[in-house]
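Heads up, the thing below is written out as structure tokens.
The values are calculated or read from the model by the stated rules, or taken from the named source; none is laboratory data. This one's a predicted model, so the numbers in the text were calculated from it and none came from an experiment. Please note: Cβ atoms are built from the backbone with ideal geometry, for glycine as well, and neighbour counts cover all protein chains shown. Ligands, DNA and RNA are stripped out before the accessible areas are found, and what is left, the full protein with its side chains, is counted by its heavy atoms. Shrake-Rupley method; radii C 1.70, N 1.55, O 1.52, S 1.80 Å.
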Amino acid sequence: MSNWLLPTAPCTPQACAAHPGGRAASVPHAALRLAGALGLVLLAVPAAPAVRLLPAGPRRALIRTWCAALLRSLGIRITVRGTPGPDGGRLIVANHISWTDIPLVAAALPSRMLAKSEIGTWPVLGRLAAQAGTLFIERDRIRALPRTVGTIARALRAGDRVTVFPEGCTWCGRAQGPFRRAAFQAALDAEVPVQPVRIAYRLDGGEFAGAPAFVGEDTLTASLWRIARARGIRAEVRLLPRIPHGRHADRRGLA
């Protein structure tokens, strides 16, 4: 299972994260966007424990609303295609382009996220992720992987939706990496369906939007500023048909 750990992509901020063909927001406008996003995050941190105590329906509605508002504050509009289907445990798998994928998927289909442990150390956002029930993985520890798979399986058996990004690293969106197999074992063990999700960031004309890509040695601050300066970004979430339990006998076929 070690081949699931520490994958790399050829994408870099210099090559992949430009905003050609897109309009640029002014510096004051970008600063206002960042201030609005920060305000939403600061409001969410103290409220998160109370939100977790709400019944599933109201809790998920609040999460969807907040995540959509966060992305909109940064100038990203959202389009969701497909329907989430019935409740119940399922493994949600998506391609991975940016840290914005996390609120984007949650705006369409609230769930617990699997994320690298470094995110838990991010100021404010890391604390918010932990309070939202994020499952953290130590990507550089091979021995921790079976325990992580077991943790995901237990959450799925309990009826939780769990989102994973099986590429294991971010790609710019022009290309996609292979899906690593280990996380799919959790769906097999828990006997739950898999919900594929396709993420894309585009400009108004339909062409690829590079600004959201969070790749290579990019930093969160650089990414935030690049997104805040970009205009006309539209995030697309496609909820594809679920793959029922039992259709594939092993994780290789399921991946």
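At a glance:
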read-out: Largest-first principal axis extents, alpha carbons of the range 132-248, Å; value: 43, 33, 27
read-out: Stokes-Einstein D in µm²/s, Kirkwood radius over Cα pairs - the range 21-239 at 4 °C with 1.567 mPa s viscosity; value: 73
read-out: At 1.567 mPa s and 4 °C, Stokes diffusion of the range 17-101 via Kirkwood alpha-carbon radius, µm² per second; value: 83
read-out: Separation between Cα centres of the range 222-252 and the range 49-126, rounded to whole Å; value: 11
read-out: Cβ-defined net charge surrounding residue 184, 9 Å radius [Lys, Arg +1; Asp, Glu -1]; value: +3
read-out: Most mobile of 166, 110, 28 in a GNM of the chain (Cα contacts under 10 Å); value: 28
read-out: Net charge dipole size for the chain [Lys, Arg +1 and Asp, Glu -1 on Cβ; Debye, nearest 20]; value: 400
read-out: In nm, spacing of pseudo-spin labels at residue 8 and residue 43 (7 Å Cα→C-beta vector); value: 4.2
read-out: Area accessible to solvent at residue 62, 1.4 Å probe radius, in Å²; value: 90
read-out: Rounded tilt (10° steps) of 27-52 against the dominant C-alpha axis of the chain; value: 30
read-out: No Cys partner within the rule (Cβ under 4.7 Å), the chain; value: 67, 169
read-out: Exposed GluC sites (Glu not before Pro) absent - longest run of the chain, DSSP non-H/G/I/E/B, at most 16 other C-beta within 10 Å; value: 1-137
read-out: Solvent exposure ordering (accessible area, 1.4 Å, most first) of 151, 8; value: 8, 151
read-out: Selection from 7, 53, 150 lying farthest towards where the dipole of the range 1-158 points positive, charges on Cβ; value: 53
read-out: Probe 1.4 Å, protein heavy atoms only - accessible area per residue of the chain in square angstrom; value: 47
read-out: In nm, spacing of pseudo-spin labels at residue 53 and residue 191 (7 Å Cα→C-beta vector); value: 3.5
